[in-house]
Amino acid sequence: MLRPRPDVPGPFQWPLLGSFVPFARDPLGFVERMATDHGDVAFFRILEHDLWMFSHPDDIEQILVRDAKKLHKDAIYDLLRPMLGNGLVTAEDDVWKRHRKLAAPSFTRRHVEQYADTMVACTRSWLDGLHRDQALDVHEQMMLVTQRIVLDTLFGTDLDVDTTEVGHTIDVLMAEFVQEAQGPGRLLPKAIPTPSRRRASAAIEQLDRTIYALIEARRRKGLGDDLLSHLIQARDDDGGLSDVELRDEAVTAFVAGHETTALALTWTWVLLGENPVEVEPLLAEVREVLGDRPATVADWPKLPRVQATIDEAMRLLPPVWAIGREAQEDMVVRQYTIPKGAQLLISQWAVHRDPRWFPNPLAFDPSRWLDGLHDRLPRFAFFPFGGGPRVCIGQHFALMEAALVLATILQRGALRTTGPRPALMPSITLRPVGEVPAIFA
Ligand code: HEM
């Protein structure tokens, strides 16, 4: 065992494998150990890749904000390209810049506030289908709610195309993606059509047919307030987005936009289940502010404990647990020169549980957010949505959605988890393994 860069902190490395085995076995434990054992900078190798992990908020700010132009996203996003095309999550450089400019006005806080009523209506109609003491899987149910919300806000509700099909096809694709990223198939050349790859291609064809039908139906029926209509209307000096570009942005918004929020809500219920004393103050706030009437956008700022509970859940179990970048040129962070081609890793999981910023970091304590902690923290001590030019475009949408969905459910009861905390599966997002059983009570 050796340390390939004795001048940089980091773990001893196996020949050829580097840290592959401990990383693959337990990615969350591994990044946490890097931060606690080696400090704000850790260097290690995963097979042939050099990785630099940074865990100090100032360095993270430099990487995500000031030096963003020197970096691209890391290679894992290439696996998503067959599904997402060149949408905002996967695009780089000029294409990304143009799309981001065209899409940004549709995602401002002001703009997404108009979707509050749809979010509440979708949640209430889902609640109407539940009965008291019903046993359910929290993750599955939160996915159903956020999928309905993203479909209704993205495509509107007036088109005669079945949008549930989109959700189903993308679920198939995401499962194939996880298989490709984590299964043995990732070692095979891309040209070999494994059964999983064949299923993925068929699902992409199916998805494309539906999305193009939706774009065509939207054009035929006339534009509305849905996100797709806004993207169709967006213009710059080079005109608007082509149908292929619209397809890529619609699929991207769908994929990036519902699983993450569903996870924020799922982990909120899991943590509330482990800390039942936190439920009563939440119920009290919701009762006082909303009573029985449907929540509106004006209620959102009046629900600080609801917001604090979601923030605390995203701190401890962040839906996106790490951000990866690849240096496009040599760059200097602290005293280290990071060569072109090296990978940079920043982990919300590790930083969000750093006792320098969060005393008693493993405790689920929503109250810590209630006295202005956001303003006192360094900007990148808490960053569930990333930061800099590639910050999550959907963050206002997601924050409002999570708060309104949680408050609307609490008006009628709570999802009380009945089992231990599920095992965690750190794919691109931080998912539960298997079901998260609960009772609606
Ligand atoms: C709790 C919910 C969410 C979380 C935690 C989350 C987190 C993130 C993070 C960390 C990034 C940056 C990734 C990176 O820098 O490598 C990101 C990017 C992105 N997110 Fe979200 N997200 C959420 C909800 C949403 C929603 C609701 C939408 C859309 C409706 C959305 C659309 C996007 C898009 C399009 C990008 C790529 C932006 C770009 O590169 O220009 N996200 N998200």
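The values are calculated or read from the model by the stated rules, or taken from the named source; none is laboratory data. In this text the structure is predicted, and so the values were computed from the model without any measurement. Cβ placement follows ideal geometry from the backbone for every residue including glycine, while neighbour counts extend to all protein chains displayed. When the accessible area is computed, the model is the full protein with side chains, heavy atoms only, and any ligands, DNA or RNA have been set aside. Shrake-Rupley method; radii C 1.70, N 1.55, O 1.52, S 1.80 Å.
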Potential extension, R376-L16 segment - 0.36 nm per residue separation minus Cα distance: 125.2 nm
Of the listed pairs K70/K97; K190/K340; K70/K190, those with alpha carbons more than 19 Å apart are K190/K340; K70/K190
Kindly rank 395-401, 359-365 from highest to lowest mean number of other beta carbons found within 10 Å of each residue. 395-401, 359-365
Computed for the chain: size of charge dipole around the Cα centre, +1 on C-beta of each Lys and Arg, -1 on C-beta of each Asp and Glu, debye to nearest 20, value 540
With the calculation restricted to Cα positions, what are the radius of gyration and Dmax of the range 48-440 in angstrom? 20.9, 60
What FRET efficiency do you get for A298 and K340 if R0 is 56 Å and r is their Cβ-Cβ distance, rounded to the nearest 0.05? 0.65
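Once every DSSP H run of n ≥ 4 in the chain is given -39500 (n - 2.57) and the sum is divided by its residues, what mean residue ellipticity at 222 nm do you get, rounded to the nearest 500 deg cm²/dmol?
-14500 deg cm²/dmol
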Quote to one decimal, in nm, the extra length available between R209 and Q114 on full extension: 0.36 nm per residue of separation minus the C-alpha distance between them. 31.3 nm
In nm, the gap between the two label points placed 7 Å beyond Cα toward Cβ at M425 and N275 is 2.7
How much length would be gained if the chain were fully extended between D133 and V332, taking 0.36 nm per residue of separation minus their Cα-Cα distance, in nm to one decimal? 65.9 nm
accessible surface per residue for the range 48-440, probe 1.4 Å, DNA/RNA/ligands not counted, whole Å² -> 42
Among the range 148-177, those whose backbone N falls under 18 Å of a label point 7 Å along Cα→Cβ from R235 are none
Among A24, A116, A203, whose mean-square fluctuation peaks in a Gaussian network model of the chain (Cα, cutoff 10 Å)? A24
DSSP H segments from the chain that extend 20 Å or more along their own axis, Cα-based, with Kyte-Doolittle mean of 0.0 or above: 138-155, 164-182, 243-274, 395-412
Neighbour net charge for R98 - beta-carbon separation under 15 angstrom, K R +1, D E -1: -4
Out of C392, G240, Q328, whose Cα points farthest toward the positive end of the dipole of the range 48-440 (charges: +1 Lys, Arg; -1 Asp, Glu; placed on Cβ)? Q328
